[in-house]
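This report refers to the structure that appears directly beneath it.
The values are calculated or read from the model by the stated rules, or taken from the named source; none is laboratory data. Every value quoted in this text rests on a predicted model; they were computed, and no experiment measured them. Cβ placement follows ideal geometry from the backbone for every residue including glycine, while neighbour counts extend to all protein chains displayed.
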Amino acid sequence: MHDDQETPLELTSELVPLFVIAKGRALPADHEYSRTALVTAQEGMSAAARTLTPEAREVMDLVSDGLLSVAEVAGRTQLPLGIVRILIAHLAEVGLVFVRPPTPRAVSHDRALLQAVVDGLQKTLGA
């Protein structure tokens, strides 16, 4: 016999198209976050986070304990990087998260200073 009852589709199911998770939003041009941009939750925003989608709540839970890179958030949520960027952009727009650009690499190294540090460590540690 054929069962006419369908099983309900969960919003976090693999069958849900990604545009549904992003609510049809595209990434705003001013929110082009790099993979190494750091994200953290704003203080005292846990009450506002209750009205979010399950995926956005998961992002909030991850970044509420400290800084995580955009790539780390994507890896832990197992969502594509583009979708995570859209979710983070929305959370930043409503003031739930703060996104900090990645720390730039040092432009130049003072070779003499680095050698002095190495020499000092060798003298101190007896190596």
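Mind checking which residues of segment 63-73 are surrounded by fewer than 17 Cβ atoms within 10 Å (Cβ to Cβ) and either among the aliphatic types (A, V, I, L, M) or part of a helix (DSSP H, G or I) (or both)?
If the condition is that a residue be surrounded by fewer than 17 Cβ atoms within 10 Å (Cβ to Cβ) and either among the aliphatic types (A, V, I, L, M) or part of a helix (DSSP H, G or I) (or both), then LEU67, ALA71 are the ones that fit.
Select from segment 65-82 the residues that are over 19 Å from THR51 (Cα atoms) and of a type outside the set (Gly, Ala, Ser) and list them in ascending order.
ASP65, LEU67, LEU68, VAL70, GLU72, VAL73, ARG76, GLN78, LEU79, PRO80, LEU81, listed by residue number.
Testing PRO102 on (1) surrounded by fewer than 16 Cβ atoms within 10 Å (Cβ to Cβ); (2) in contact with a helix residue (DSSP H, G or I) (Cβ under 6 Å, 6 or more places away or on another chain), one condition comes back false. Which one is that?
Answer for PRO102: the failing condition is (2).
Being surrounded by 10 or more Cβ atoms within 10 Å (Cβ to Cβ) and touching a Pro at 6+ places or on another chain (Cβ under 7 Å) is the requirement here; does ALA89 meet it?
yes
Which of the residues that make up segment 74-127 are charged (D, E, K, R) and in a helix (DSSP H, G or I)?
ARG76, ARG85, GLU93, ARG111, ASP119, LYS123
Hey, could you check segment 33-48 for residues that are crowded, with 18+ Cβ neighbours inside 10 Å and not in a loop (DSSP other than H, G, I, E, B) and say which is modelled with the lowest pLDDT?
Within segment 33-48, the match that is modelled with the lowest pLDDT is ALA41.
Do you know which residues across segment 86-109 are within 21 Å of THR51 (Cβ to Cβ) and of a type outside the set (Val, Ile, Thr)?
Within segment 86-109, LEU87, ALA89, HIS90, LEU91, ALA92, GLU93, GLY95, LEU96, PHE98 qualify.
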